[in-house]
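First the structure, in the form of structure tokens, and then the observations on it.
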Amino acid sequence: MQVLKVVLDGVTTSFRYPHFLVGRHPSLPMPPPSTVYGHICSAYGSFVDASQLRFAYSFRYAGVGDDVEHLQIIEEVLVYKRRRRGTRGKSAQGTGEAVVPNLMVKVGPVSRELLLFPHLELYVAAKSEDLLQKLNEAFYRPAYPVVLGRSQDLCSYKSVEIVELERSTDAYFEDALLPWQYRMRTTAGFMVRMPKFIDPSDRRRVVWGDYLVLRGRALLEDGEPGPTRVSLSNGEAEWVDPTTTLVGGRRRAVVWHSFTQEEQRQSGPS
């Protein structure tokens, strides 16, 4: 299976929890799928049909830290202006007050958690070869500045290439975002709810998804689920990237996600 592989490095990034409005703003541990979709569209230069794409990634960072940033809070206020007694020498009718709507901007400092020196290896699969080639060209010449997370989190692409994935039971999982269904096959990682897709035509319509965040490495093996093991499911193979580091004769697994559909454990780009 041919897919696009993009390797990205940065200095800082932060993925805010959508419902945190006051106090310290922690970061999600990995990029939400909605952020990944926005990143793909940013490189492409326009919105891509999300139903035509699937994605997978490995994400890690060197450390965490806090920074202070300013939130600009805009409020509508009413300004009362007293009417003048006369206009050009003539008396004005009435002595009431005029109500004029205005905008007030308040600057509020907040503490935000940052992920330091992020490293992302993103895989993108498309339903057509033509779209895959267009995406390949887009990541070579991105239409907009390369950012991950906030607009000020500038990053750079280290490599962009089309790779051929293989199926194998000799695989390991590392620093990956897994579908929630994998919880029955491993005790590693923790659950997180993330925005899966935000409709570009109606940003109030958000699709949410539950995911398993796996930090570190777990091997695909027979046996009971464990903190360093993902159990084989009916002996089925996983997609693996043959260009990744060889660990005990195993290659890193590539686990696919959809922006618009329910996750199916072994599904590819179709």
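The values are calculated or read from the model by the stated rules, or taken from the named source; none is laboratory data. None of these values were measured; they are calculated from a predicted model. Glycine also receives a Cβ, built like all others from the backbone with ideal geometry; neighbour counts cover every protein chain displayed. Ligands, DNA and RNA are stripped out before the accessible areas are found, and what is left, the full protein with its side chains, is counted by its heavy atoms. Shrake-Rupley method; radii C 1.70, N 1.55, O 1.52, S 1.80 Å.
Restricting V11, V6 to those that are open to solvent by 50 Å² or more (accessible area, probe 1.4 Å) and in contact with a strand residue (DSSP E or B) (Cβ under 9 Å, 6 or more places away or on another chain) reduces the list to V11. All conditions in (1) aromatic (F, W, Y); (2) more than 19 Å from S51 (Cα to Cα); (3) surrounded by fewer than 21 Cβ atoms within 10 Å (Cβ to Cβ) hold for W208, with the sole exception of (2). Out of F47, F55, one residue alone is under 19 Å from R203 (Cβ atoms) and at pLDDT 90 or above. It is F47.
Of everything in segment 148-164, what is within 14 Å of T244 (Cα to Cα) and not acidic (D, E)? Give them in sequence order. Outline the logic, then answer.
First, the residues of segment 148-164 that are within 14 Å of T244 (Cα to Cα): 159, 161-164.
Matches in segment 148-164: S159, I162, V163.
Within segment 222-234, track down each residue that is open to solvent by 50 Å² or more (accessible area, probe 1.4 Å) and either assigned to a strand (DSSP E or B) or more than 16 Å from A188 (Cα to Cα) (or both). Across segment 222-234, the qualifying residues are R229, N234.
In segment 107-129, the residues that are without any contact (Cβ under 8 Å) to a residue 40 or more places away in the chain reach residues that are in a strand (DSSP E or B) with C-beta atoms within less than 9 angstrom, at least six apart or across chains, in these pairs: V107/H70; V107/L71; V107/Q72; V107/I73; G108/H70; G108/L71; G108/Q72; G108/I73. For segment 206-219, a residue qualifies if it is aliphatic (A, V, I, L, M) and either under 13 Å from F190 (Cα atoms) or modelled with pLDDT under 95 (or both), and the qualifying residues are V206, V207, L212, V213, L214. Of all the residues in segment 93-139, those that are open to solvent by 60 Å² or more (accessible area, probe 1.4 Å), farther than 18 Å from V36 by Cα and at pLDDT 95 or above number 3. The residues on offer are R203, R215, R193, R183, and the sole one that is charged (D, E, K, R), out of contact with any Lys or Arg (no Cβ under 6 Å at 6 or more places or on another chain), assigned to a loop (DSSP other than H, G, I, E, B) and closer than 21 Å to P31 by Cβ is R203. Output the residues belonging to segment 63-91 that are under 30 Å from G10 (Cα atoms) and either at pLDDT 80 or above or basic (K, R) (or both). Answer for segment 63-91, where residues must be under 30 Å from G10 (Cα atoms) and either at pLDDT 80 or above or basic (K, R) (or both): G63, V64, G65, D66, D67, V68, E69. Cβ separations smaller than 7 Å between residues 6+ apart or across chains give the following pairs from segment 42-53 residues that are closer than 15 Å to I198 by Cβ to residues that are hydroxyl-bearing (S, T, Y) and assigned to a helix (DSSP H, G or I): A50/Y37.
Considering segment 250-261, and only residues there that are in a loop (DSSP other than H, G, I, E, B) and farther than 16 Å from A218 by Cβ, the residue that is farthest from the chain's Cα centre (by Cα) turns out to be Q261. For segment 44-55, the criterion of a residue being touching a Cys at 6+ places or on another chain (Cβ under 8 Å) and either aliphatic (A, V, I, L, M) or surrounded by fewer than 12 Cβ atoms within 10 Å (Cβ to Cβ) (or both) is satisfied by at least one position.
On the given criteria, is W208 aromatic (F, W, Y), farther than 24 Å from D170 by Cβ and assigned to a strand (DSSP E or B)?
So W208 fits the description; yes.
Each residue in segment 138-147 was checked for being in contact with a Phe, Trp or Tyr (Cβ under 9 Å, 6 or more places away or on another chain) and closer than 27 Å to L71 by Cα, and 1 pass. Remark: pairs (first residue in segment 160-177, surrounded by 17 or more Cβ atoms within 10 Å (Cβ to Cβ); second residue of a type in the set (D, E) and outside any strand (DSSP E or B); Cβ separation under 9 Å; 6+ apart in sequence or on different chains) = L165/D241. Taking every residue in segment 242-270 that is among the acidic types (D, E) and at pLDDT below 95 and pairing it with any residue that is part of a loop (DSSP other than H, G, I, E, B) and open to solvent by 70 Å² or more (accessible area, probe 1.4 Å), at least 6 positions away or on another chain, yields no pair with a Cβ-Cβ distance below 6 Å.
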